[in-house]
Amino acid sequence: MGRQVFLFACTFLLFAVSTSSAAGIVEHSFYVKNLTVSRLCKTQVITAVNGGLPGPTIRVQEGDTLVVHVFNLSPYNMTIHWHGVFQMLSNWADGPSMVTQCPIRPGCKHTYKFTIVKQEGTLWWHAHVSFLRSTIYGALIIRPRDGQLYPFPKPYGEVPVILGEWWNGNVVDVERLAAATGAAPNLSDAFTINGWPGDTYPCSKHQMFELTVLQGKTYLLRIINAALNSQFFYKIANHKMAVVAIDACYVEPYVTDVVVTAPGQTVDVLLTADQPIGSYYMAARPYANAVVSGVLAAFANTTTRGVLIYDGCPSPATPQMPALPAFNNTPVAHKFYTGLKGLVGGRFWDPVQLKVDHKMFITIGLALEPCPAKTSCRGPKLSSSMNNESFVKPTSLSLLQAFYYNVNGVYTTDFPAKPPIEFDYTNDAVNNNLPMLFAPKSTKVTKLKFNSTVEIIFQNTNILGPENHPMHLHGFDFYILAQGFGNYNPATDGKKLNLINPQKRNTIGVPVGGWAVIRFVANNPGVWLLHCHLDMHLPVGLATAFMVENGPTPETALPPPPADLPQC
């Protein structure tokens, strides 16, 4: 039938740990190669890991060392990013192409090795080269050490729920076409749950994720948004969920009937099977709010479905369908994003640092760039920027190599701490000033002192149009102190900062036409990418990097690179 079924008798196996010790070594081999699959009435070749979509689920305990051997048997350059992992003193293993390493070339291999410390919950891994993230991804589940308990009742079972995006075509070609023409990339043809599109799409009646549960039991759903360019509303008909963690950070239990998640984010929820025996659809549809030149930007307006089936449900049964929010229901999204609070006193909770050493005000948004001469590009190309700088990755040496070996000419350390021009950021009138729409290309970064406290105010702009931007910081979690709409006003909005129990994340959806304030401690030496996790924006400039200096002792200094680090 080609569908994935989780029987209740198997849920206990999901608690099995890949290693028998509390701080052991977990080892995997990833074979990245072509895979022929059938989706949406079409057979096509994708690039996948170990013959699966999604790829392997990695299960570790906090304190374990993870070793992953990546064999690139595909025709494309490849890196793997371990999204949300701190990589404390293992920056070389972080994975973003040309930031911490050169890519693994076809026919070559590379081993990632790092220890996971002071993190529990759901993270994930994905390709960090081009649109290959659409098929190269999987869950990374971190359980407590032996003898440690969850800060909530132990669930009967645990299930990864990975929301993805599917194209009928080669995703590398989709990206190359967009780069050549200067237009936005083609929209995806479907969304998926654990690799399956569900019965709303052609030829997909029997390609649907199914989860079988026991009535009265509670399950931990580990929800991951692995989509390239789409935020989601996610619901299960007639069921409520209690959010207990986000981005591998515990939160005060938050009861909701809808989960909102941006690309890169994870949400752990407790689901109790407390409804009459039957079948219930789980469904996800986009939260879309981008406006370009006064018109709602095109988005993939489809819905993916899986089904929750109670053990003992008569067959056949017609599942009940949840009422999903409208695609542009920003109030629902904002209520969810702002309703989450950190679990003060929970494991790995640290109080918010009150003294700020480095303050930044960063505008984020769309931009334009001229078309190169003698190309098929027509009119200005779509671009993006931060503080009017459109980031360009180096081509001959990674940023981390240049930083570690003190190589000149690869980057500069003059990324602006505020925009060069102050303006009415969320007013469409900015689009009447043509020069404001163009952002210069550069490779500018920010140097940070070891252990300094950094505060960033992200300000969305209406240049070309407003959008909710999921901003992801590598190497750190950050506190989300406040978020709102319009232009950030320090006199009034500065009083709204939650310094008591703010949520912690590694990815924040900065509100459409609004702002957000985050804070983190730069206690991890190396080079750390800050970028929008919409894949359509990273290649066109919505990024920068932090270079954190070494600490005062050998134990707080970045070690040399591994011997098999790929070279450009």
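The values are calculated or read from the model by the stated rules, or taken from the named source; none is laboratory data. Source: prediction; values computed, not measured. Cβ atoms come from the backbone with ideal geometry, glycine included; neighbour counts cover every protein chain shown. Protein only, heavy atoms only, side chains kept; ligands, DNA and RNA dropped before computing areas. Shrake-Rupley method; radii C 1.70, N 1.55, O 1.52, S 1.80 Å.
Couple of notes before you dig in:
- Of residues in segment 405-445 being closer than 15 Å to residue 385 by Cβ and in a strand (DSSP E or B), the one least open to solvent (accessible area, probe 1.4 Å): 442
- Residue 450 vs. criteria in a loop (DSSP other than H, G, I, E, B), open to solvent by 50 Å² or more (accessible area, probe 1.4 Å), assigned by the TED database to the domain that holds residue 368 and over 21 Å from residue 485 (Cα atoms): yes
- Unique match (being open to solvent by 10 Å² or more (accessible area, probe 1.4 Å), modelled with pLDDT of 95 or more and not assigned by the TED database to the domain that holds residue 86) among 263, 276, 286: 276
- Per the conditions (1) open to solvent by less than 50 Å² (accessible area, probe 1.4 Å); (2) in the same structural domain as residue 521 (by the TED database); (3) at pLDDT 95 or above, the sole criterion not satisfied by residue 352 is (2).
- Segment 371-404: number of residues that are in a loop (DSSP other than H, G, I, E, B) and in contact (Cβ under 8 Å) with a residue 12 or more places away in the chain: 16
- Segment 232-250, residues that are part of a strand (DSSP E or B) and open to solvent by 10 Å² or more (accessible area, probe 1.4 Å): 235, 242, 249, 250
- Looking across segment 291-308, just one residue is open to solvent by less than 20 Å² (accessible area, probe 1.4 Å), closer than 17 Å to residue 187 by Cα and touching a Gly at 6+ places or on another chain (Cβ under 9 Å), and that is 304.
- Taken over segment 171-191, the criterion of being open to solvent by 40 Å² or more (accessible area, probe 1.4 Å), of a type outside the set (A, V, I, L, M), touching a strand residue (DSSP E or B) at 6+ places or on another chain (Cβ under 9 Å) and not in a loop (DSSP other than H, G, I, E, B) is satisfied by 181 alone.
- Those strands (runs of 3 or more DSSP E) of segment 23-90 in which at least 2 residues are basic (Lys, Arg), considering only elements entirely within it, cover 25-39.
- Test for residue 506: is it open to solvent by less than 20 Å² (accessible area, probe 1.4 Å) and closer than 15 Å to residue 387 by Cα: no
- Only one of the numbered conditions (1) surrounded by 21 or more Cβ atoms within 10 Å (Cβ to Cβ); (2) over 13 Å from residue 220 (Cβ atoms); (3) not small (Gly, Ala, Ser) is violated by residue 118, and that is (1).
- If you go through segment 216-231 and keep only what is of a type outside the set (Gly, Ala, Ser) and either open to solvent by less than 10 Å² (accessible area, probe 1.4 Å) or under 30 Å from residue 129 (Cβ atoms) (or both), you end up with 219, 220, 221, 222, 223, 224, 225, 228, 229, 231.
- Filter pass, residue 369 being touching a Pro at 6+ places or on another chain (Cβ under 7 Å) and assigned by the TED database to the domain that holds residue 519: yes
- Test: residue in segment 298-316 that is within 26 Å of residue 467 (Cα to Cα) and without any contact (Cβ under 8 Å) to a residue 40 or more places away in the chain: yes
- Count of segment 154-175 residues, restricted to those that are modelled with pLDDT under 95 and either within 18 Å of residue 40 (Cβ to Cβ) or not acidic (Asp, Glu) (or both), is 6.
- Residue tally, condition farther than 19 Å from residue 287 by Cα and open to solvent by 10 Å² or more (accessible area, probe 1.4 Å), over segment 453-468: 4
- Within segment 309-348, the set of residues being part of a loop (DSSP other than H, G, I, E, B) and either touching a Gly at 6+ places or on another chain (Cβ under 7 Å) or hydroxyl-bearing (Ser, Thr, Tyr) (or both) comprises 313, 315, 317, 318.
- Residue 164 falls short of the stated requirement of being part of a loop (DSSP other than H, G, I, E, B) and either in contact (Cβ under 8 Å) with a residue 12 or more places away in the chain or open to solvent by less than 40 Å² (accessible area, probe 1.4 Å) (or both).
- Within segment 476-508, tally of residues that are aliphatic (A, V, I, L, M) and in a loop (DSSP other than H, G, I, E, B): 4
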